[in-house]
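Enquirer: One structure coming up, written as structure tokens, with questions to follow.
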Amino acid sequence: MATDWLHGEVLKAVFPLLDGKDLASCMLVCCRWRDIAKEDYFWKCACAKRWPSICRRPLPALGYYKLFKTFSRPQRPQPLLPPRLSFNDLEFYIDLWSEQKLIFSEAISGSMLRTGIRNPPPGISDILKVHLNGPDYKMVVQAEPRFTITLGSTITVSVLVGRKDTNQIACIIRDSVFDYVDGSAFRALAYAYLNFSPGHPFISGIRAWVSLLFVANGNENAIDVFGIEIDFCDAASKEHEVLWLLDMLDWK
């Protein structure tokens, strides 16, 4: 009995010297060590090594053991809740202009954009095939019929989105210029920064990208566009992330 008492006193002298990780390991040795190590004083000592300032205040409501356990371990990303929007609720309005001449104008349902291009036309590059089959979420619609644009001309795009559940409209892109053509990937790109609702004041710097997907037509000065792609690769790479992003737009 005296030996047990002495053993316990030795542990009580050693435990305050340990950091939280070692103290947690001691709790796994046996029931006696666990019961002694759970004493909040030892965890106050561990917290004092990690956050000295908090030990200058009264005991936190959750206690020092729970405090250390909660805030010392790495924070895991919290999964998003299911989005409140559905692609069935959405309709996208896409307009393309070449030197102020309208060259493409369509209202496209969200479900159609979600489906994408099931049968890509022959002649597209292998790089573009890999891109279209990549893991990042993108919305793609086939341009029917194809249209041709002259390289060097100013091509602008506007994209609005409407939601059927509230009958509201938001802007994704307004008069953005396709000022970059990736000839090796057969894509021309334009972007704009999204405008979010005042209810989300700390979200900014997220871009919407629109790509024209094209094939070579034998003319070095022109390209044949067969598809239009919209994505939000800065922030959203999965379908439910895209829907959450759209839900936070400044709907009118």
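The values are calculated or read from the model by the stated rules, or taken from the named source; none is laboratory data. Since the model is a prediction, treat every value here as computed from it, not as a measurement. In this analysis, Cβ positions are derived from the backbone assuming ideal geometry, glycine residues included, and neighbour counts consider all displayed protein chains. Accessible surface is based on the protein model in full, side chains and every heavy atom, while ligands, DNA and RNA are left aside. Shrake-Rupley method; radii C 1.70, N 1.55, O 1.52, S 1.80 Å.
Enquirer: Suppose we keep only residues that are touching a residue at least 40 places away in the same chain (Cβ under 8 Å) and under 23 Å from the mean Cα position of the chain (by Cα) within region 111-127. Which one would you say is farthest from Lys238 (Cα to Cα)?
Expert: Leu113
Enquirer: Does any residue of region 129-138 turn out to be open to solvent by less than 30 Å² (accessible area, probe 1.4 Å), touching a Phe, Trp or Tyr at 6+ places or on another chain (Cβ under 6 Å) and in the same structural domain as Ala222 (by the TED database)?
Expert: Within region 129-138, none of the residues are open to solvent by less than 30 Å² (accessible area, probe 1.4 Å), touching a Phe, Trp or Tyr at 6+ places or on another chain (Cβ under 6 Å) and in the same structural domain as Ala222 (by the TED database).
Enquirer: Count, please, the residues in region 234-252 that happen to be surrounded by fewer than 16 Cβ atoms within 10 Å (Cβ to Cβ) and in contact with a Lys or Arg (Cβ under 8 Å, 6 or more places away or on another chain).
Expert: Result for region 234-252: 2.
Enquirer: Out of curiosity, is Ile169 in contact with a Phe, Trp or Tyr (Cβ under 8 Å, 6 or more places away or on another chain), open to solvent by 40 Å² or more (accessible area, probe 1.4 Å) and aliphatic (A, V, I, L, M)?
Expert: Against the criterion (in contact with a Phe, Trp or Tyr (Cβ under 8 Å, 6 or more places away or on another chain), open to solvent by 40 Å² or more (accessible area, probe 1.4 Å) and aliphatic (A, V, I, L, M)), Ile169 qualifies.
Enquirer: With respect to the numbered conditions (1) small (Gly, Ala, Ser); (2) open to solvent by less than 10 Å² (accessible area, probe 1.4 Å); (3) without any contact (Cβ under 8 Å) to a residue 60 or more places away in the chain, which one is the sole condition not fulfilled by Gly227?
Expert: Evaluating Gly227 over (1) small (Gly, Ala, Ser); (2) open to solvent by less than 10 Å² (accessible area, probe 1.4 Å); (3) without any contact (Cβ under 8 Å) to a residue 60 or more places away in the chain leaves (3) as the failure.
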